[in-house]
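Colleague: I'd like to ask some things about the structure below.
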Amino acid sequence: MAQAFAKDDPLYQHILPDETTRLDALNIFFQCYIEMLYPYSDVLTTSKDYEAVALVFHSERQAGTLLSNVKYAKQIGVAIIKSLPICRIIGIRGFVRGLTILRSMSSVWLSMLGDRQYMHLDMIAVQEGCRGQGYVSRIIKPLLAECHTKNILCTLETQTPSNVPIYEHYDYRMVKVIPLPNSSLRQYCMVYTPDGLQQHE
């Protein structure tokens, strides 16, 4: 997953402009990030060869009570502490800058959904040699089928403009665009609404 994001993702290219250290930093970051979200998420893959991998967050697993919010905040703090070895690669200033940018490009926009249940396609990555072979569909189609069965939303965000029409092909619709301050980057926030639910305005 780190390899795919190190090479192709404009957000992580912006956070980690030095391509010689980007992959090492992202290997640490993604390990800590996935560990943090694991209790609330599923890791999906196309096969044991990991042609495509996705991390999907389930809103119902994060109850929203005071106790669960405190627990979640604690896990974020632990993840940040575990990520500190990145400082040896990019320095303390680079680490703080990265956290600040990630906070700006976070999933806070999901609060606009209110109490609607959703699954959030947090990350999806396809191995470079497997692209264009339908592996994205093998992840997304079953995910959306599950959302349809449960009658819940499926959300995602991307900072790659060329990804937007791909997700629109799967009936995701844009609900918000968040600009990153002092940058040309935009976060495109998208929602898939199964039949029977009114599209969020």
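The values are calculated or read from the model by the stated rules, or taken from the named source; none is laboratory data. No experiment lies behind these values; they were computed from the predicted model shown. We place every Cβ from the backbone using ideal geometry, glycine too, and count neighbours over all the protein chains shown. Protein only, heavy atoms only, side chains kept; ligands, DNA and RNA dropped before computing areas. Shrake-Rupley method; radii C 1.70, N 1.55, O 1.52, S 1.80 Å.
Colleague: Suppose we keep only residues that are of a type in the set (D, E, K, R) and without any contact (Cβ under 8 Å) to a residue 12 or more places away in the chain within region 49-82. Which one would you say is least open to solvent (accessible area, probe 1.4 Å)?
Modeller: Only one residue tops the list, namely Asp49.
Colleague: Just name the residue that is most open to solvent (accessible area, probe 1.4 Å) out of those in region 109-159 that are assigned to a loop (DSSP other than H, G, I, E, B) and among the small types (Gly, Ala, Ser).
Modeller: Gly132
Colleague: Given (1) touching a helix residue (DSSP H, G or I) at 6+ places or on another chain (Cβ under 7 Å); (2) in a strand (DSSP E or B), identify the lone condition not met by Pro181.
Modeller: In the conditions (1) touching a helix residue (DSSP H, G or I) at 6+ places or on another chain (Cβ under 7 Å); (2) in a strand (DSSP E or B), Pro181 misses (2) alone.
Colleague: If you don't mind, another one. If Ile152 meets every condition in (1) in contact with a strand residue (DSSP E or B) (Cβ under 7 Å, 6 or more places away or on another chain); (2) without any contact (Cβ under 8 Å) to a residue 40 or more places away in the chain; (3) β-branched (Val, Ile, Thr) apart from one, which number is that one?
Modeller: Among (1) in contact with a strand residue (DSSP E or B) (Cβ under 7 Å, 6 or more places away or on another chain); (2) without any contact (Cβ under 8 Å) to a residue 40 or more places away in the chain; (3) β-branched (Val, Ile, Thr), the lone unmet condition for Ile152 is (2).
Colleague: For region 83-108: of the residues being closer than 27 Å to Ile152 by Cβ and assigned to a loop (DSSP other than H, G, I, E, B), which is least open to solvent (accessible area, probe 1.4 Å)?
Modeller: Among them, the one singled out is Met105.
Colleague: Same structure, new question: Within the group Tyr172, Tyr167, which residue is surrounded by 13 or more Cβ atoms within 10 Å (Cβ to Cβ) and touching a Ser or Thr at 6+ places or on another chain (Cβ under 8 Å)?
Modeller: Of Tyr172, Tyr167, the one residue that is surrounded by 13 or more Cβ atoms within 10 Å (Cβ to Cβ) and touching a Ser or Thr at 6+ places or on another chain (Cβ under 8 Å) is Tyr167.
Colleague: Give region 1-21 a look and list any residue that's of a type in the set (D, E, K, R), in a helix (DSSP H, G or I) and surrounded by 18 or more Cβ atoms within 10 Å (Cβ to Cβ), or say none.
Modeller: Selection gives nothing.
Colleague: Tell me, which residue of region 22-48 that is among the polar types (S, T, N, Q) and open to solvent by 30 Å² or more (accessible area, probe 1.4 Å) is nearest to Phe5 (Cα to Cα)?
Modeller: Checked region 22-48; the qualifying residue nearest to Phe5 (Cα to Cα) is Asn27.
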